[in-house]
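One structure is given here, and the rest of the page talks about it.
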Amino acid sequence: MRQDIRLAFRLIGKNPGFASAAILTLALGIGANTAIFSVVNGVLLRPAPFADLERLVMVWETDGNSGTTREPGSVPDFLDYKDRSRTLDTLAGVSGNEVSLSAPGVDPVQVAGLNVTYDLLPMLGVSPIVGRTFTPAEDAAKGPAVALISESLWRTTFVESPTIAGQTIRVDDRPYEIVGVVPDTSDFGVLQILAAAAYGRGFAARGERTRVDVWLPYQADPQALPRETHPMFMMGRLAPGSSPSAAQSELVGIAADLERAYPVNKARSVNVEALQDVVFGKVRPMLFVILGAVALVLLVACVNVANLLLARSAARGQEVAIRRALGATRGQLLRQFFVESLLITLIAAAAGIALAYAGLQVLVAAGPVDIPRLMLVSIDVRILAVTLGFSIFVGLTFGLIPTLQARTLDLQSTLRDDGGSRGAEGSGSTRLRGVLVVAELALAVMLLAGAGLLIRSFWNLERVDAGFHAEGVLKAEYKLPGTRYPVNFRVWPNFQEQHAFTAAILERASALPGVRSAAVAGNHPLDPGYTNSFFVVGRREEARTWPEISVRRVTPGYFRTVALSLVRGRLFSDQDATAAPPVCLVNEASAARFFGDRDPIGAQISLYGAARTIVGIVANERFQGLSEGAPIAMYLPLAQAPSADGAGVLIVRAEGDPTALASAVRGVIRERDASLAAFGVEPLEATVSRSVSERRFAMLLLGLFALMALALGAIGVHGVLSYEVARRRREIGIRMALGARPDGILKLVVGRSAVLTFVAIVLGGAGAFALTRFLRALLFGVGAWDPATFAAVVVVMGVVALAATAVPAWRAARTDPALALRGE
């Protein structure tokens with residue numbers, strides 16, 4: 001065996017081209033498959049870290065006027081559903097917020113926080129690492145100030161202190177006693193839940209991967225949060241024997257009773273969805289598409305290696321004959337070729353494992369925020385074993401073909417052959433290699449079609465008019481704590497502390513070198529913010545069926561800073577102050593939806609119980625995402641509509657690179673209030689880019705796999721034709737000796753390539769037609785069976801196949817008849 005291993009290394013060294021191609025091809029297939037399969041397994045297939053996932057449901061409220069089906073609910077509605085439902089064992093509430101966190105010796109930082117009812121964590125089956133969860137008394141309105149912190153925060157900030165329970169942190173400048181530590185694995189998909197909501201998205205509006213670090217009791221007060229406000233997301237666990245459809249039926253009936261009892265619940269109902277559909281529903285199609293693509297790449301890799309091994313087997317006819325003539329037994333030949341094939345596949349496996357680990361790190365770092373549990377993904381040993389097993393099976397099966405050929409080998413004729421040019425390969429083996437090449441190219445066609453559709457979709461998305469211009473704009477978000485910036489609705493909108501803060505940071509930011517303009521807003525241009533009911537004065541009855549409108553609160557400089565165009569009328573000015581007559585702007589979508597042919601300028605809109613005069617119409621902003629239509633929206637002067645929760649964003653337009661201003665902009669906020677933590681400080685272009693990260697991620701991966709498959713297919717075509725030209729060298733010499741012209745020989749080789757490519761395009765196109773329908777969820781502005789994309793795929797395949805044919809055809813056309821026939 002040691003001798004066989006040494007000989008195998010020598011033979012691999014004598015054929016570095018073959019060995020390198022086989023090892024690299026298998027390594028790419030093993031590495032890519034293991035990394036992608038590990039992600040899919042870790043995200044979609046691995047059991048959830050809490051109990052009874054199949055019994056967990058989201059209970060959304062719906063609005064028949066706006067057509068939205070995923071809205072948070074009101075606290076009174078939540079209490080009614082909780083009290084009256086029999087199909088739900090438990091109904092818990094949750095909402096997400098940005099909170100400022102500080103502790104002794106720790107600078108304030110902005111982190112993601114959750115307000116949860118006391119029964120949420122027990123319902124999920126989550127047990128704290130240290131301490132306990134909340135009690136019903138702590139969750140009561142105006143209950144004690146207690147908090148849970150995340151495992152990561154405990155390890156980094158509190159160095160895993162075993163006495164963490166009882167210590168104090170400050171959240172939004174209020175002291176809270178820590179009662180326990182929640183494990184990081186208890187993530188139940190809150191980021192995906194918030195992102196799926198119509199509004200009230202909390203920290204999900206950041207558009208970046210976020211870990212929840214602080215958990216607070218909800219302490220829901222129906223008096224402070226009446227039925228017309230909707231801040232709470234409701235999550236339930238089905239009773240034994242119940243189903244989502246049964247819960248839907250029951251809760252719809254309860255919602256109908258509430259609608260009859262309370263006019264503010266007009267057109268409101270319930271939508272019950274399985275939690276796993278909400279959390280995984282958006283990413284499941286993308287991950288399965290990528291999973292299918294990488295499986296095709298593994299098939300292409302294995303087919304390519306099989307083709308390489310077949311060609312090598314055919315070329316080793318004389319070697320086998322010499323070994324047999326010198327007395328080698330079939331068993332010895334079997335062992336030698338087994339060792340060679342195994343050695344190649346093991347080297348490829350080692351390289352593939354390294355590629356899998358590196359690829360997984362890249363996937364985790366570059367993956368979109370919509371993928372839950374991605375940070376917890378690791379290489380799955382079972383998946384690696386299956387992939388290795390499949391690759392080794394292919395390598396051994398086709399690597400042992402010379403042993404099978406030895407059974408029927410004619411030693412005398414093979415030894416007389418000068419180098420095996422007549423070959424030991426029969427027509428059956430030639431046809432098999434042709435079939436394998438067709439299979440490679442057909443799989444490449446399928447991947448190219450999918451990648452082409454995603455590229456066209458992304459191109460269409462990049463060309464969408466967002467309404468604002470993100471180039472050169474920097475944003476910095478903050479949240480003002482109520483302890484120092486009180487929210488007193490008895491004097492609303494005269495929140496003096498908030499207005500003073502806004503004026504101060506605007507003055508400082510505008511004076512920074514390199515700043516062209518500055519503004520403060522309640523939400524940045526890609527934060528959907530919140531919606532509110534309204535009516536046009538004089539048309540109140542008509543407004544009963546109107547959807548809620550998005551409310552955007554901005555300072556006058558916002559429109560210049562983000563380059564949002566004025567269509568008609570005027571923009572806000574400094575004269576639209578707190579004590580001035582209330583005014584507003586509407587976007588084009590609102591003007592068309594609610595005024596039609598009538599002129600909205602001068603009309604009045606009733607909002608928050610006050611009439612506001614429309615003074616202008618602005619262009620549409622796609623603040624719900626580039627792939628979504630422009631929503632209806634109105635704009636209010638921030639001086640006349642201060643923040644109810646203290647959230648705001650400072651936006652500046654730079655003369656040059658906006659990232660150069662990041663430190664100075666942070667300093668502007670800290671100079672005014674040293675205890676505030678600015679967060680989300682980044683160029684607006686980065687925010688826009690992240691908003692399409694899911695489609696970009698799928699496009700890049702599928703494009704990469706398509707290129708790999710295309711390259712392997714081209715190698716296959718080149719290998720088959722090169723071998724056929726070498727095998728038919730004497731035949732070509734005879735043809736040319738009898739008068740065949742070089743261009744005729746050229747057509748002969750190119751024709752063979754054209755036949756293989758045509759069959760592959762037909763088969764691959766049929767497969768692509770069948771499979772691209774699974775891409776529909778990722779497409780934008782293009783159909784799953786787009787003729788232009790499929791035509792481009794045909795052209796690309798034709799060009800690649802022609803390029804792969806060029807060298808073998810050129811060699812065949814330049815064959816010297818005298819040299820080719822000398823051996824005869």
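The values are calculated or read from the model by the stated rules, or taken from the named source; none is laboratory data. Keep in mind the model is a prediction, meaning the values are calculated, not measured. Please note: Cβ atoms are built from the backbone with ideal geometry, for glycine as well, and neighbour counts cover all protein chains shown. When the accessible area is computed, the model is the full protein with side chains, heavy atoms only, and any ligands, DNA or RNA have been set aside. Shrake-Rupley method; radii C 1.70, N 1.55, O 1.52, S 1.80 Å.
Residues in the stretch 505-542 that are within 18 Å of Ala641 (Cα to Cα) and modelled with pLDDT of 95 or more were compared, and the one that is most open to solvent (accessible area, probe 1.4 Å) is Leu506.
Got a sec? Which of Gly434, Gly428 is out of contact with any strand residue (DSSP E or B) (no Cβ under 8 Å at 6 or more places or on another chain), at pLDDT 70 or above and not in a loop (DSSP other than H, G, I, E, B)?
Working: Gly428 fails: at pLDDT 70 or above.
Going through Gly434, Gly428 in turn, just one is out of contact with any strand residue (DSSP E or B) (no Cβ under 8 Å at 6 or more places or on another chain), at pLDDT 70 or above and not in a loop (DSSP other than H, G, I, E, B): Gly434.
For the stretch 260-294, a residue qualifies if it is assigned to a helix (DSSP H, G or I), at pLDDT 85 or above, open to solvent by 30 Å² or more (accessible area, probe 1.4 Å) and over 18 Å from Arg237 (Cβ atoms), and the qualifying residues are Arg260, Ala261, Pro263, Val264.
Answer yes or no: is there a residue in the stretch 750-762 that is without any contact (Cβ under 8 Å) to a residue 24 or more places away in the chain, surrounded by fewer than 16 Cβ atoms within 10 Å (Cβ to Cβ) and among the aromatic types (Phe, Trp, Tyr).
Looking only at the stretch 750-762, we keep the residues that are without any contact (Cβ under 8 Å) to a residue 24 or more places away in the chain, and these are 751, 755, 758, 762.
Still in the running and surrounded by fewer than 16 Cβ atoms within 10 Å (Cβ to Cβ): 751, 755, 762.
Narrowing the set further to residues that are among the aromatic types (Phe, Trp, Tyr) leaves none.
Looking for residues that are without any contact (Cβ under 8 Å) to a residue 24 or more places away in the chain, surrounded by fewer than 16 Cβ atoms within 10 Å (Cβ to Cβ) and among the aromatic types (Phe, Trp, Tyr), one finds none in the stretch 750-762, hence no.
How about the stretch 539-571: which of its residues are in a loop (DSSP other than H, G, I, E, B), touching a residue at least 12 places away in the same chain (Cβ under 8 Å) and over 38 Å from the mean Cα position of the chain (by Cα)? Correct list: Arg540, Arg570. So how many residues does the stretch 444-478 have that are under 19 Å from Leu650 (Cα atoms) and open to solvent by 30 Å² or more (accessible area, probe 1.4 Å)? So the count comes out to 2. The number of residues in the stretch 763-787 being surrounded by fewer than 17 Cβ atoms within 10 Å (Cβ to Cβ), of a type in the set (A, V, I, L, M) and in contact (Cβ under 8 Å) with a residue 24 or more places away in the chain comes to 1. Comparison of Thr555, Thr561 shows that the only residue that is open to solvent by less than 20 Å² (accessible area, probe 1.4 Å), under 23 Å from Asp465 (Cβ atoms) and among the polar types (S, T, N, Q) is Thr561. Residues in the stretch 214-230 that are open to solvent by less than 40 Å² (accessible area, probe 1.4 Å) and within 24 Å of Gln192 (Cα to Cα): Val214, Trp215, Leu216, Pro217, Tyr218, Ala220, His230. Being in a strand (DSSP E or B) and under 31 Å from the mean Cα position of the chain (by Cα) holds for only one residue in Arg237, Arg209, and it is Arg237.
Which residue out of Leu148, Leu121, Leu114 is at pLDDT 95 or above and either farther than 18 Å from Val212 by Cα or under 35 Å from the mean Cα position of the chain (by Cα) (or both)? Talk me through it step by step, then tell me what you get.
Details: Leu121 fails: at pLDDT 95 or above; Leu114 fails: at pLDDT 95 or above.
Exactly one of Leu148, Leu121, Leu114 is at pLDDT 95 or above and either farther than 18 Å from Val212 by Cα or under 35 Å from the mean Cα position of the chain (by Cα) (or both), namely Leu148.
Checked against the criteria, Ala256 does not count as open to solvent by less than 40 Å² (accessible area, probe 1.4 Å), within 35 Å of the chain's Cα centre (by Cα) and small (Gly, Ala, Ser).
Here the condition is being hydroxyl-bearing (Ser, Thr, Tyr), on the phi < 0 side of the Ramachandran plot and either at pLDDT 90 or above or buried (at least 19 other Cβ atoms within 10 Å of the Cβ) (or both); of Thr545, Thr502, it holds for Thr502 alone.
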